[in-house]
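Values quoted throughout were computed directly from the atomic coordinates according to the rules given, and no laboratory measurement underlies them. Everything numeric in this text was worked out from a predicted model, so none of it was measured. Methodologically, a virtual Cβ is constructed for each residue, glycine included, from the backbone with ideal geometry; neighbour enumeration extends over all protein chains shown.
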Amino acid sequence: MPRGKSLIIRDDQYELPELQEILRLADKKKFKIHLIDSGKLNHLEIETLSAVPFSFYTADSVRSDFQELALLAEVLRASDCPAYYFLQTEISEDSPIFVLPEIFTTVFVSSREKPRNLELLARLSEQVSRSGSNFVYYHHGNLEEKLAEIGHKRCWIHVSNKFFEEENEMLVLDLLKDIKEKKGHLVVHIDRSQSYYFLKLLSDHGAFLIFNIPPVEHTSKLYPLEARWLKKKLPEQAFYLYKEVMA
């Protein structure tokens, strides 16, 4: 692998000594390791790994004991290993994440598998933002005005243009405006062809564009816009493992 690249692995693919050796070599060759938690390792075993920095990705479906998870997050923080937390189960008003969101670098939520209560997510995003952590929400389905309520500072809302209709393009722009006013971020995944004019407006008004369509011809008006956004990097804390994928 070229130096400086990222490697995503699951912790149950290897024994602990093998993981230690992988991390040692990665540090030597300047690879960035993203370790996906399967629940196999306890916090003491993970502490032995954290002698070398890596990013740790876990979920409430993997570790249901939040107190144990908080202890693990503190161990990682002490070693400068960012901890990322995916909320995959149902969220309620008394979910423990509302109490200690600051122990994670980013909290992720997606509506891919089940619809989410946007009012509850807005409350959670505000709590996460106040704590100094990041909040990332992947919205699958038609856009709603309530989405803007989630867009607090350090909050990233991912949407796909395959859910945009021509008649609600103004809704998208108004949503973007409201999110930017609250210092949030809108990430638009371009998963189907759309007019250059509209995509240029999204770009000019502060949306982050991720082009997932086949490359356009050099003669197309869209080509310079696509080329510019393909070079831009989204911060690691703003997406779940793969920038192009709507998690």
With a cut-off of at most 16 other beta carbons within 10 Å, and DSSP calling the residue loop, which chymotrypsin sites (Phe, Trp or Tyr not before Pro) in segment 138-247 qualify? Please list them. Tyr242
Are there GluC sites (Glu not before Pro) in segment 156-196 that DSSP marks as loop and that have at most 12 other Cβ atoms within 10 Å, and which are they? Glu165
Could you give the dipole magnitude of the chain about its Cα centre, charging the beta-carbon of Lys and Arg +1 and that of Asp and Glu -1, in debye to the nearest 20? 1220 debye
Between Thr48 and Arg123, what is the label-point separation in nm under the 7 Å Cα-to-beta-carbon projection? 4.2 nm
Say the dipole of the chain comes from +1 at the beta carbon of Lys and Arg and -1 at that of Asp and Glu; which of His158, Ala227, Ser203 then lies farthest toward its positive end? Ala227
Helix 118-131 axis, angle to the chain major axis (alpha carbon atoms, nearest 10°): 60 degrees
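How large is the translational diffusion coefficient of the chain in µm² per second when you combine the Kirkwood radius over alpha carbon pairs with Stokes-Einstein at 37 °C and 0.692 mPa s?
170 µm²/s
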For the chain, take the longest principal axis of its alpha carbons; what is the angle in degrees between that and the long axis of helix 16-28, to the nearest 10 within 0 to 90? 60 degrees
So which GluC sites (Glu not before Pro) in segment 31-105 end up in coil per DSSP with only 16 or fewer other C-beta atoms within 10 Å? Glu90, Glu93
With each pseudo-label sitting 7 Å past Cα toward Cβ, what's the Lys180-Ser38 distance in nm, one decimal? 4.5 nm
Rounded to the nearest 10 degrees, the helix 169-181 long axis (Cα) sits at an angle to the longest Cα principal axis of the chain of 50 degrees
Quick one: which of Lys114/Lys231; Lys153/Lys243; Lys114/Lys243 span more than 23 angstrom between C-alpha atoms? Lys114/Lys231
Paramagnetic reach from Val99 in segment 28-70 [backbone N under 19 Å; point 7 Å along Cα→Cβ]: 59-70
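Rank these for me by crowding, Leu201, Leu222, Leu44, going from fewest to most other beta carbons within 10 Å.
Numbers: Leu201 15, Leu222 18, Leu44 9.
The most exposed by this proxy come first: Leu44, Leu201, Leu222.
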